[in-house]
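The structure under discussion appears below in the form of structure tokens.
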Amino acid sequence: MAHLARHARREQLPPHLRFCRCATGGCSWHVGTRRCGGQIVLVVFSDWDGSSWRLADVCEQCARSIPRTVRLPAPRLTPPPPDRPPVPSAARTHQLGHLATRAALAYTAASLPPTLGAEARLLAVVCALRTGTSGIARLPPGLHRALRITAPARALTDLQEAGWLHYLSRPRGGPAVLVPELAGTPCRRPDSHWAIRLLTHPRVAIAPARDRLTVLAVSSWLEHPGTPYLVDPAAVTRACGTETAHLHTVLDDLKADGTLTRWQPLPNGLLRCHPSGQPPAPRRQR
């Protein structure tokens, strides 16, 4: 319990980055499926024999359905203690960008239909990152070109037909979209810069949309630059609408191009990636 308490203090997220992790996992922590609902709460629960414990943010509906669950008070956002050195501003900005990207990927994975194409998914993640408190995200034409989205009109139509957004005609302010479910959430635009820079990097932008989305999802799990990090392959494949074989192919490309020195599967199902410090570079067109 002390170990979980340390995680609760160190990994606390602002309210707009918290989401139902059970829903993103296909509601696999409880029997039966039901529509998520209610506020996001912090819970701790164990497996059937009590050999392992999990600390997670879930919605109130899932919290009532998960066996052996105790609801905990939400951690408060507090400054670091005096004896801990302050986090440099650049590193903090880097960390916030990764957290915001992972939250956007998890949200789109849970809210988009599984049959949606890669370009539409990529555009949805960018919209989620650029949405302000009004629920509106501006999409200037230059952004489409920078992101190398070949058919932006088709991608927007697919997202609108899925009921995920509404296209707005704003001649003076430029094209924009409304994402109703994100209206009222705190603005995350400053945290989107890291994802946009990665997607528009010359070594990344030449790859197909599905590869770029996978690279973004894998890179968002990096905690500290230059240090090994863990990746949840199930979360990545759900967020990208792809399969495990494609994820392994992209990881092999990143290793071949020197972005990763190596990657390896772990017994618990996670992947350990060892970065080299170079920007991601999918190797070939597919």
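Points worth noting:
- Scanning the range 62-78 turns up one or more residues that are modelled with pLDDT of 80 or more, part of a loop (DSSP other than H, G, I, E, B) and surrounded by 13 or more Cβ atoms within 10 Å (Cβ to Cβ).
- Screening P114, P86 for residues that are farther than 19 Å from A239 by Cβ and either modelled with pLDDT of 85 or more or of a type outside the set (A, V, I, L, M) (or both) leaves exactly one candidate, P86.
- The single condition from (1) outside any helix (DSSP H, G or I); (2) at pLDDT 55 or above; (3) open to solvent by less than 60 Å² (accessible area, probe 1.4 Å) that Q95 fails is (1).
- Of all residues in the range 25-53, those that are surrounded by fewer than 17 Cβ atoms within 10 Å (Cβ to Cβ) and touching a strand residue (DSSP E or B) at 6+ places or on another chain (Cβ under 9 Å) total 7.
- For E181, the conditions (1) under 18 Å from E119 (Cβ atoms); (2) in a helix (DSSP H, G or I); (3) of a type in the set (D, E, K, R); (4) open to solvent by 50 Å² or more (accessible area, probe 1.4 Å) are fulfilled apart from (1).
- Residue in the range 116-131 that is open to solvent by 10 Å² or more (accessible area, probe 1.4 Å) and farther than 13 Å from G241 by Cα present: yes
- Residue match in the range 243-263 (condition: more than 25 Å from A124 (Cβ to Cβ), open to solvent by 70 Å² or more (accessible area, probe 1.4 Å) and either at pLDDT below 90 or out of contact with any strand residue (DSSP E or B) (no Cβ under 6 Å at 6 or more places or on another chain) (or both)): yes
- Restricted to the range 195-224, and to residues there that are out of contact with any Leu (no Cβ under 9 Å at 6 or more places or on another chain) and open to solvent by 20 Å² or more (accessible area, probe 1.4 Å), the residue that is modelled with the lowest pLDDT is H224.
The values are calculated or read from the model by the stated rules, or taken from the named source; none is laboratory data. What you see is a predicted model; the values in this text were computed from it and never measured. All Cβ positions, glycine included, derive from the backbone under ideal geometry; neighbour counts span all protein chains shown. All accessible areas refer to the heavy atoms of the entire protein, side chains included, with ligands and DNA or RNA removed. Shrake-Rupley method; radii C 1.70, N 1.55, O 1.52, S 1.80 Å.
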